[in-house]
Amino acid sequence: MTELQMEIAAQAARCVVEEGLEYGPAKRRAVKALGLPPRTALPGNDLVEDAVHDYIAVFCADTQPSELLALRHLALLWMERLHAFRPHLGGAVWHGTATRLSDIYLQLFCDDCKSAEIALIDQHVSYVPRSVTGFNGETVDALSVHAFCPDLKEEVGVHLMIYDRDDVRGALIPDAKGRAPRGDIRALRRLMGEVLP
């Protein structure tokens, strides 16, 4: 890693924490903010994540832990609500870098790709269907909802990515740091320090 990449990562981390951007857009915004050419080599997501941890420790240490816990509580509520679809939590809420501006990303592993959508309709939940890039780089269907977070007293985006049931095996391969990239309900409860049923 170069000094320039570290500077880009630090600027991107500010965008992630203060504006709620995802890593890709945050890196592009950082390049622009630093007045660098568009084709500047970008830092990896691991470097940006480390910079986000550093930024939170310096600027948000008093607020971020309670915001993260609030988002994890909301994620757990949605995971329990959609337990039939083997939900797994990923992203900043899972990895511990989320703030009140972060969205919640749940991966659902379904026998039938339309079953989660039908469940939302049955529960009278409004959603926006779209396509996103999945964890293997493929295009997957996603259902995005706005859910009220009582602890934050505001709405939070909850994005449900729909996968085939068998995709769960590849979803749990450890990342470059040896960590689980996502976790199920039991794993989230462990993170939150709750007693398992």
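Data table
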{"read-out": "Residue match in region 101-112 (condition: surrounded by 19 or more Cβ atoms within 10 Å (Cβ to Cβ), within 8 Å of the chain's Cα centre (by Cα) and in a loop (DSSP other than H, G, I, E, B))", "value": "yes"}
{"read-out": "Residue in region 80-89 that is among the aliphatic types (A, V, I, L, M) and either at positive phi or under 16 Å from the mean Cα position of the chain (by Cα) (or both) present", "value": "yes"}
{"read-out": "Restricting region 32-46 to residues that are assigned to a helix (DSSP H, G or I) and touching a helix residue (DSSP H, G or I) at 6+ places or on another chain (Cβ under 7 Å), the residue that is nearest to Arg14 (Cα to Cα)", "value": "Ala33"}
{"read-out": "Failed item, numbered, when Arg72 is tested on (1) basic (Lys, Arg); (2) free of Cβ contacts under 8 Å to residues at least 60 places away in the same chain; (3) in a helix (DSSP H, G or I)", "value": "(2)"}
{"read-out": "Verdict on Val156 being within 16 Å of the chain's Cα centre (by Cα) and modelled with pLDDT under 95", "value": "no"}
{"read-out": "Region 145-187: number of residues that are surrounded by 15 or more Cβ atoms within 10 Å (Cβ to Cβ), more than 21 Å from Ser131 (Cβ to Cβ) and touching a Pro at 6+ places or on another chain (Cβ under 9 Å)", "value": "3"}
{"read-out": "Answer residue from region 1-57, given it is hydroxyl-bearing (Ser, Thr, Tyr) and free of Cβ contacts under 8 Å to residues at least 40 places away in the same chain and is nearest to Gly157 (Cα to Cα) among those", "value": "Tyr23"}
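Table: residues versus (1) free of Cβ contacts under 8 Å to residues at least 24 places away in the same chain; (2) in the same structural domain as Ala70 (by TED's automatic domain parsing); (3) of a type in the set (D, E, K, R).
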site: Phe135; (1), (2), (3): no, yes, no
site: His146; (1), (2), (3): yes, yes, no
site: Glu154; (1), (2), (3): no, yes, yes
site: Gly157; (1), (2), (3): no, yes, no
site: Val168; (1), (2), (3): no, yes, no
site: Ala171; (1), (2), (3): no, yes, no
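The values are calculated or read from the model by the stated rules, or taken from the named source; none is laboratory data. These figures come from a predicted structure and were not determined experimentally. Positions of Cβ are generated from backbone atoms using ideal geometry, with glycine treated the same way; all protein chains shown enter the neighbour counts.
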